[in-house]
Amino acid sequence: MEEAHPHSQEERLQQEILSEAKKRASRLVARATADAAQARERWEKDSAQVRENTLARSRQEAERDARNLLQGVWMEERRLWLRKREECLQAFFQSVLEEAAGLPADDRDRRASLESLAREALLAMGDREMKAQVAEKDLALATPQWLSQLAGRPLSLQVEADPAVAGGIRLVALDGSRTYDNTYGARLGRLQEEFRREVAACDK
């Protein structure tokens, strides 16, 4: 029987080592390829999720910005409407005051309103010593005697014209303790808030 040549054995060993190395290398390459494929799949999924999250945030931000813009537009529109409404109300109040102030002294409605406003003011002021302030055109009617007759008792008071009074009457206590302003301007001022509330109720 022939003995194996030492060189043949060495070559066979080298071939076996090389073959085993190639197998291991193939397995490593296959594993690396699989890992790379899995990593790419994970990256694609993560990227898709990131894109979806980014788009969702962008949509939310866009919707919020749109709401804020619409809210701002509505508030500005409302502010302009309220300002215009107030301008119209002020013009209306001024026209009413001017119309009432323009009535002549002998106008029946003017005399009746002065009488009604004077009665109310005299009742509110009681027995105080006072002075009366009226429009200059009403001095002929609003005499101390006439006011005493309306009060139902003798009054010791002076009546004077006030350029700021368009109509009606203002009673001022001589000791400064009280003033009852029942002039057209004051009455209209007290009615303005009630009128504004009624107008505002129409907006709802």
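Quickly work out the Glu160-to-Leu28 label distance, labels modelled 7 Å from Cα along the C-beta direction, and quote it in nm with one decimal.
Going by the 7 Å Cα→Cβ label model, 11.6 nm.
What is the magnitude of the charge dipole of the chain about its Cα centre, with +1 placed on the Cβ of each Lys and Arg, -1 on the Cβ of each Asp and Glu, and no other charges, expressed in debye to the nearest 20?
300 debye
Using a probe radius of 1.4 Å on heavy atoms only, what accessible surface per residue do you get for the chain? Whole Å² is fine.
74 Å²
If packing is taken as the average number of other Cβ atoms within 10 Å across a peptide's residues, how do 83-96, 184-197, 52-65 rank, most packed first?
By packing density, highest mean first, the sequence is 184-197, 83-96, 52-65.
Would you grab the residues whose amide H sits under 5 Å from the one on Val159? Only those 5+ places off in sequence or on another chain, please, with H modelled 1.01 Å from N.
Amide H neighbours of Val159, under 5 Å, 5+ apart: Ala132.
Residue farthest toward the positive end of the dipole of segment 30-175, with Cβ of Lys/Arg at +1 and Asp/Glu at -1: which of Gln133, Trp81, Val172?
Trp81
Summing Lys, Arg as +1 and Asp, Glu as -1, what charge do residues with Cβ under 13 Å from the Cβ of Leu155 carry, Leu155 excluded?
+2
In segment 15-118, with Lys and Arg counted as +1 and Asp and Glu as -1 at Cβ, which of these residues, Leu97, Ala118, Trp43, has the Cα nearest the positive end of the dipole, that is, farthest along it?
Trp43
Counting helices only, and only those DSSP H runs with n ≥ 4, report the 222 nm mean residue ellipticity of the chain as the sum of -39,500 (n - 2.57) divided by its residues, in deg cm²/dmol to the nearest 500.
Value at 222 nm, helices only, nearest 500: -25500 deg cm²/dmol.
Can you give me the pair-distance distribution of segment 1-96, C-alpha pairs, 10 Å bins, whole percents?
Taking every Cα pair in segment 1-96, the percentages come to 12, 13, 12, 11, 10, 9, 8, 7, 6, 5, 4, 3, 2, 1, 0.
Any chance you could list P(r) for segment 40-151, counting all Cα-Cα pairs in 10 angstrom bins from zero, rounded to whole %?
Calculated P(r), rounded to whole percents: 11, 20, 14, 11, 10, 9, 8, 7, 6, 4, 1.
Using the crude model of +1 on Lys and Arg Cβ and -1 on Asp and Glu Cβ, and no other charge, please compute the dipole size for segment 1-108 relative to its Cα centre, in debye to 20.
In total the dipole reaches around 200 debye.
Regarding the chain, what is the average projected area of its C-alpha convex hull, in nm²?
26.3 nm²
Between segment 15-41 and segment 68-88, what is the C-alpha centre distance in whole Å?
Here the answer is 73 Å between Cα centres.
Applying the Karplus parametrisation 6.51 cos²θ - 1.76 cosθ + 1.60 with θ = phi - 60° to the phi angles of segment 53-70, what ³J(HN,Hα) value in whole Hz is obtained for each residue in order, glycine and proline being reported as x?
Once rounded to whole Hz, the list reads 5, 5, 5, 5, 5, 5, 5, 4, 5, 5, 5, 5, 5, 5, 5, 5, 5, 5.
The values are calculated or read from the model by the stated rules, or taken from the named source; none is laboratory data. In this text the structure is predicted, and so the values were computed from the model without any measurement. Using ideal geometry, Cβ is built from the backbone for each residue, glycine included, and neighbour counts are taken over all protein chains shown. Just the protein is used for accessible areas: all its heavy atoms, side chains included, with ligands, DNA and RNA removed. Shrake-Rupley method; radii C 1.70, N 1.55, O 1.52, S 1.80 Å.
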